[in-house]
Amino acid sequence: MIRGTVFIASDICKGCELCIAACPQHSLSLSRQINPKGYKYAELINDECTGCINCALVCPDAAITVYRQAKVKKAV
Amino acid sequence: MENTNKKEVRLMKGNEALAEAAIRAGLHAYFGYPITPQSEILEYFEEQAPKRGFTVLQAESEVASINMIYGAAGAGARVMTSSSSPGVSLMQEGISYIATAELPCLIVNITRGGPGLGTIQPSQGDYFQSVKGGGHGDYKLFVLAPSSVQEMADFVFDAFRVSEKYRIPALILADGALGQMMEKLTLPEEGSLPHVTPEWGTTGKTKDRERNIITSLHIQPEKMEAINHHLQAKYKAIEEAEVRYEEYFMEDAEIVFVAFGLSARICQKAVDIVREKGIKAGLIRPITLFPFPKQIISETANRAVGFMVVEMNAGQMVEDVQLAVNGKCPVYFKGRMGGMIPTPEEIAVALEEKFIHHEEKV
Amino acid sequence: MEIPVLENLEVVYKKPETLTDTPFHYCPGCGHGVAHRVLMEVIDELGIQEETIGVAPVGCSVFAYHYMNIDMQQAAHGRASAAATGIKRVLPEKYVFSYQGDGDLAAIGTAETIHTVNRGENILMVFINNAIYGMTGGQMAPTSLCGQVTSTTPYGRDPAKIGFPLKITELIAQLPGAYFVARHAVHTPNAVRKLKKALRSAFEYQKLNKGTCFIEIVSNCPSGWKLSPLESQKWIEENMFPMYPLGDIKVPGKNITAPSTENN
C-alpha cells in the first residue's frame, strides 16, 4: 500500500471540513482545540493516508501539504 | 513618406490638430467612443494608426474607454481618450479611480451645451466637473483650457508632461468651436517628449522586484486618509509650480475681464472695443483651470475697480474668481448658455452697463 | 492516537509559489480560495509569473492582489474586461486575465463582457458564478436561481418580476471572438483537476492569439446561502448544476450546439 501523510497549517485552517469529506481514507477530522482565529481545524487522525492529494485539491485556504513515501529504488 | 520630424505649418481642425499632436507626443494608445463634436479625434487616429504605429480602439462606450485607459495607463503606457460632455459624465467613476491610483493619462473634453443631451454647439458648462473633481471623492485633474487650434496641439505636450511628472490625469477642456474650427498652426516636433516606462507599471513581475499593484482601494481608513494627504500634497505642489495664465492689456487695466478658452478670445475683442471708448479694460485668461491662477487675480483685485467674468455657462469659474478676489472689489458675470456664443459687442455692452452707466446713475 | 512518522517522504502537493503567504480573507469553505490557488498553480507550471497580469474588480475577490504574486490591477465594478483590454492592447506579448464575479461580469459589466469577447481579446476571463452578491451581503445576482432566497429576494427570485437566471456563458459562446468556453467547478477533487486542465489550455491558447478564453467556475457562497460549507457543496450539485451544467461549451475545432430553432 502507498503510504502518505499531510501537513495541515492549523493556524490558517478555517475548519470548513471540505477536506474531511474529500478524503477517501477517512483519515481527517476536526480538532477539539481551536486555533488563534477561533476555528476548529482539520487534522490527521489515523495512518491510512495514501497521499492522494484530494484534501489539498479542495482546500479553500491552501493549508495542506501532502507527502508520499518514495518508492524504494531497486539496486541495478 | 511624410516627414514628421520637423516643425511644419498646416491648416487643420482643432480636433485633428490635437490628435496629430498626440501622435507626435508619442501616444501609445487611444481608446474612445464617437460623440459630436469630437468624433474627428477618433477618426483621425483610426486613419493614422496603421501608418504611425500606435494602438487605437473604438470602445463600446465611454465607460469602457476610460477603464481601458485605466488598464493601459496602469501598464505604464502613454494613453489618452476624448469625448464630449455627456460622454465625459459617463467617465467620471473611472476618472476618480485613475486619479486615486495616480495614473498619468490625457482626457479631452470637447464640451457641448448642456445640461442633459443638450446641444452639439460649444459650451463651457463642464468647468465645475473638470476642476472640482467631477466624480466621487477628493481629487483633482490638471486642467488646461486652449483657446486656439495652435494651443489644441501645443497643450497635448504640456498635458502629458505634467501628467507623467506628477502622476495625475490631465484634462484638456476645449469646446465644440475649438474642436471644429480650422486655423493655421505650427505642429509640434515629433520625439520631443521622451517616455520612460514607469517602474510602478503592471508590466509583469520580474524576479528583481515586488509585484506592482494598481488600485484605488484602501479599506483601512487610516491608510485611505494617508492616501488622501498624499494626493492633497501633490495638488498643492502643482498649484505652486504649474499655474499658467495670460494677460491682455493688464498694465493699466482698471476693469478686468476673466475668461478662459473661447470666451477669452472673444473678450480680447471686447477689450479692444471698450479701449477705443477710453475705458481701461484688460483680460486675465486662466490657461490652467486647475491649478487656478488665483494669486494674480488676488493681486489684481488690490488695484482694480472691478472684475467681469465671461463664460459660456450659467456662472461657474466666477465662483473661483470671487474666492480669489475675496470681496476686495465687485465681481460681475456675463454668460451665455445652451450652446450660445457671446459676441464681443454684447460683452462690451455688459461691461459698460455694470461699470460705466451704473456709475453715472449713482 | 499516535500516527507513526514515515520516512522517505516526498512532497506531492504544496501551495503554489505564485500564491503569497497571506491567508485568504474569504469565509470558511469559499470556492474563491480554490480558484485562486489553481490559477496560480497553472501560472507556476507554465512558468509565466513574470509575464502575467491579472485584473480583479469589485466583489469579494477585489483583494485577489493580496494573494496572487503577480502584477495586478484592481478594476471598477464591471470594468475588469475593459481594463484587461487596455493592458493587453499595450502589452500584447503578456498573458492577461480577468477574475470576475457574477454581479460584475453578468450584471453591471454585461456590455464590457460581451464586447470584450466579441472583439476576441486575447485574454482569459475567469467567471466565478456563485449566484449571489457575496461582498455586499447576499443580494440577488443575475445568476441567482428561480426561487432562490437572497437578501433582496426575501420571497425567492420571481422570474415574472426580475427575469430568469442569466446564462451569460452560453450567451457569449455564440460570439465568434470566443475561442474556448467551458464551465467548471471546484467542489470536488476531480472538478478541481478538470478546471486546472482548462485553465492551462486557456493560457496556451492565449499564447497563440486565438481569441477570448472564458471559463466559468460554478462556486459557492456558504455565508450568502446561509449554509455550512458542506451543505453548500450539496446545494451546488442539486440546484446549480441543473441550471449551469459543467463541461465544455465551445472548444476549438468543434461546433457548439446550435440555439433552438423551434420557433423559427
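Laid out as a table, the results:
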read-out: Cβ-placed point charges (K, R +1; D, E -1), dipole of chain A about Cα centre in debye, nearest 20; value: 320 debye
read-out: Leading residue at positive end of dipole, chain C (Cβ point charges), from C:Gln174, C:Val38, C:Leu230; value: C:Gln174
read-out: Degrees between helix B:14-24 axis and first principal axis of chain B (Cα, 0 to 90, nearest 10); value: 40 degrees
read-out: Dipole moment magnitude, nearest 20 debye, the stretch C:31-250 about Cα centre, only Lys, Arg, Asp, Glu C-beta charged; value: 260 debye
read-out: Among the listed pairs A:Lys40/C:Lys15; B:Lys236/C:Lys88; A:Lys14/C:Lys234, those beyond 26 Å (Cα-Cα); value: B:Lys236/C:Lys88
read-out: Long-range tail of P(r) for the protein assembly as shown (Cα pairs > 36 Å, %); value: 50 percent
read-out: Value of Rg to Rh for the stretch B:143-253 (Rh from inverse mean 1/r over Cα pairs, i.e. Kirkwood); value: 1.08
read-out: Chymotrypsin sites (Phe, Trp or Tyr not before Pro) within the stretch C:113-209: DSSP coil, no more than 15 neighbouring Cβ in 10 Å; value: C:Tyr155
read-out: Nearest 10 degrees, 0 to 90: helix B:85-100 Cα axis against chain B principal axis; value: 60 degrees
read-out: Within chain B: Cβ-based charge dipole about Cα centre, in debye rounded to nearest 20 (Lys, Arg +1; Asp, Glu -1); value: 520 debye
read-out: Span per principal axis, largest first, for the Cα atoms of the stretch B:171-231 (Å); value: 51, 32, 17
read-out: When each of A:Lys71/C:Lys94; B:Lys51/B:Lys269; A:Lys71/C:Lys197; B:Lys7/B:Lys269; B:Lys51/C:Lys197 is checked by Cα-Cα distance, pairs over 32 Å; value: A:Lys71/C:Lys94; B:Lys51/B:Lys269; B:Lys51/C:Lys197
read-out: Estimated D of the stretch B:204-337 in µm² per second, where Rh is the Kirkwood radius over Cα pairs and Stokes-Einstein applies at 20 °C, 1.002 mPa s; value: 125 µm²/s
read-out: Length gained when the stretch B:Lys269-B:Glu246 is fully extended (0.36 nm per residue, less Cα-Cα span); value: 6.8 nm
read-out: For B:Phe307, distant residues with modelled amide H under 5 Å away; value: B:Val256, B:Val331, B:Tyr332
read-out: Two-decimal Rg/Rh across chain A, once Rg and the Kirkwood Rh are taken from alpha-carbon atoms; value: 1.06
read-out: Value of Rg to Rh for the stretch B:59-196 (Rh from inverse mean 1/r over Cα pairs, i.e. Kirkwood); value: 0.95
read-out: Signed unit charges on C-beta, dipole axis of the stretch B:8-241, positive-most listed residue B:Gly179, B:Ile98, B:Gly125; value: B:Ile98
read-out: Dipole axis of the stretch B:245-361 (+1 Lys, Arg; -1 Asp, Glu on Cβ), positive-most option in B:Cys267, B:Leu283, B:Ala324; value: B:Ala324
read-out: With at most 15 other Cβ atoms within 10 Å, longest stretch of chain C clear of loop GluC sites (Glu not before Pro) (DSSP); value: C:94-261
read-out: Listed pairs B:Lys132/B:Lys184; C:Lys207/C:Lys254; B:Lys207/C:Lys207; B:Lys234/B:Lys354 exceeding 30 Å between Cα atoms; value: B:Lys132/B:Lys184; B:Lys234/B:Lys354
read-out: Gaussian network model of chain B, Cα within-10 Å springs - most flexible of B:Met312, B:Met182, B:Met80; value: B:Met182
read-out: Pairs of alpha carbons in chain B whose separation is greater than 34 Å (percent); value: 27 percent
read-out: Estimated inter-spin distance, B:Glu254 and B:Met182, nm [label 7 Å along Cα→Cβ]; value: 4.5 nm
read-out: Residue order, fewest to most beta carbons within 10 Å, for C:His184, C:His66, B:His136, C:His36; value: B:His136, C:His66, C:His184, C:His36
read-out: Cβ neighbours within 10 Å from other chains - mean over B:199-207; value: 6
read-out: Test item: C:230-237 mean partner chain Cβ contacts at 10 Å; value: 2
read-out: The stretch C:1-157 - Rg (one decimal) and Dmax (whole number), Cα, Å; value: 18.1, 60
read-out: Taking all pairs of distinct alpha-carbon atoms in the stretch C:107-264, Kirkwood radius in angstrom; value: 16.5 Å
read-out: Separation of the C:Lys161 and C:Lys210 label points, Cα + 7 Å toward Cβ, nm; value: 4.4 nm
read-out: Overall dimensions of chain C as given by Cα atoms, namely Rg and Dmax in Å; value: 18.5, 70
read-out: With Cα atoms, 0 to 90° folded angle of helix B:221-241 axis to chain B main axis; value: 50 degrees
read-out: Trypsin sites (Lys or Arg not before Pro) lying in DSSP loop within the stretch A:15-76, provided at most 12 other Cβ fall within 10 Å; value: A:Lys71, A:Lys73, A:Lys74
read-out: Gyration tensor (alpha-carbon) shape descriptor, the stretch C:21-106, a/c threshold 1.5; value: oblate
read-out: GluC sites (Glu not before Pro) lying in DSSP loop within chain A, provided at most 13 other Cβ fall within 10 Å; value: none
read-out: Inter-label distance for B:Arg10 and C:His25, nm, one decimal - labels placed 7 Å from Cα along Cα-to-Cβ; value: 4.9 nm
read-out: Over chain B: helical MRE at 222 nm, DSSP H runs n ≥ 4 each giving -39500 (n - 2.57), nearest 500; value: -12500 deg cm²/dmol
read-out: Where only C-alpha atoms are counted, convex hull volume of the stretch C:123-188 per residue in Å³; value: 116 Å³
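Each reported figure results from applying straightforward, stated rules to the coordinates on display, with no laboratory input. Fair warning: this is a prediction, and the values are worked out from it, not measured in the lab. Ideal geometry is used to build each Cβ from the backbone, glycine not excepted, and the neighbour counts take in all protein chains shown.
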